[in-house]
Amino acid sequence: MAELKIGIAQRVPLPYDDPTAVTRLRSDVAATLRAHPEIGLLVYPELHLNGVEHLPVDAREAALEAAGVPLDSELVRELGAIAAEHGIWFCPGSIGERGGPSERRPGGELYNTQLLFGPEGALRAGYRKVFPWRPFETHTPGTEFVVCDLDGMGVAGLSICYDAWFPEHSRHLAWLGADVVLNVVKTTSADREQELVLARANAIVNQNVVVSVNCAGPVGRGRASWSAPRAGSWRRRGSARRRSSSRSIPASSPRSASGAPPSPTAPGSSSGRVMP
């Protein structure tokens, strides 16, 4: 397996109503790659383009609803163009995805959806967060576990924030072949300390790499981390400040060297929602 350098972009969320948000993201990607040209996969935090922290608390849910777009929207095309411009795998965090109408949401379901673009700019995978942080997060839960083959450089499992608190989630991704779990995060509370423990534990018990990318302060608690099952392989950014760093999926992945987790004795309920 060829080596793939994964870049962690610990950043402050961009306001959902900022018309220059995608331009600012494009500039940040370019600057990050100039500083770290070795990066082949760049990952941003959860809901990076859907910042609502500048609004009163009682206005934030409506703002997130207003920010929702379908996956065939101009926003998603622009994000793919950023990946293609630099020829990298690109995870811009997650966005509010507008789905079909329901009784609960006549205007369309709203999912918290993580995106992963290939180096040619195509949307290779989209994952709807299965475990929203109730009661604070009102997004509709997803129903599928998602992995994406990185063109021979490993398999990435997609994961959003609170998903990591449920061991079944990380284990399903391992059963689906994930060498690395990209857990994009927007943690603003003291729970970040527990999340770092969970990232290390999930990496150890599933014998794969867990990349946990939180947003920066003053909104988030930062402390993005990289966890692998081998001794001495844990790294974290020690503050909430804006930071960038990169590490590799090794040519001999932890799962190849140590063995995959045991397979379930009966077929699981997981499936990969992978884009063509």
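Values in this text are rule-based calculations from the coordinates and carry no lab data. The shown structure was predicted, so the numbers you read here are calculated from the model rather than taken from an experiment. Cβ placement follows ideal geometry from the backbone for every residue including glycine, while neighbour counts extend to all protein chains displayed.
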Burial ordering of 86, 54, 48, fewest other beta-carbon atoms within 10 Å first: 54, 86, 48
Local net charge near residue 55, Cβ-Cβ under 11 Å (Lys/Arg +1, Asp/Glu -1): -3
Full-extension gain in nm, residue 36 to residue 81, via 0.36 nm per residue minus C-alpha separation: 14.2 nm
Sequence of 145, 136 once ranked by neighbouring C-beta atoms within 10 Å, starting from the fewest: 136, 145
Theoretical gain in end-to-end length, residue 166 to residue 18 [0.36 nm per residue, Cα-Cα removed]: 49.9 nm
Residue-by-residue Karplus 3J(HN,Hα) for segment 189-195, coefficients 6.51, -1.76, 1.60, Hz, glycine and proline x: 10, 5, 5, 4, 4, 5, 4
Label-point separation in nm, residue 73 to residue 190, each point 7 Å along Cα→Cβ: 3.6
Protection proxy ranking, peptides 98-109, 177-188, average beta carbon neighbours within 10 Å, highest first: 177-188, 98-109
Pairwise centroid distance, computed over Cα atoms, of segment 64-108 with segment 162-200, Å: 22
Distant-in-sequence amide H partners of residue 209 (H built 1.01 Å from N, under 5 Å): 180, 181
Per-residue Cβ neighbour rank within 10 angstrom, fewest leading, 165, 175: 165, 175
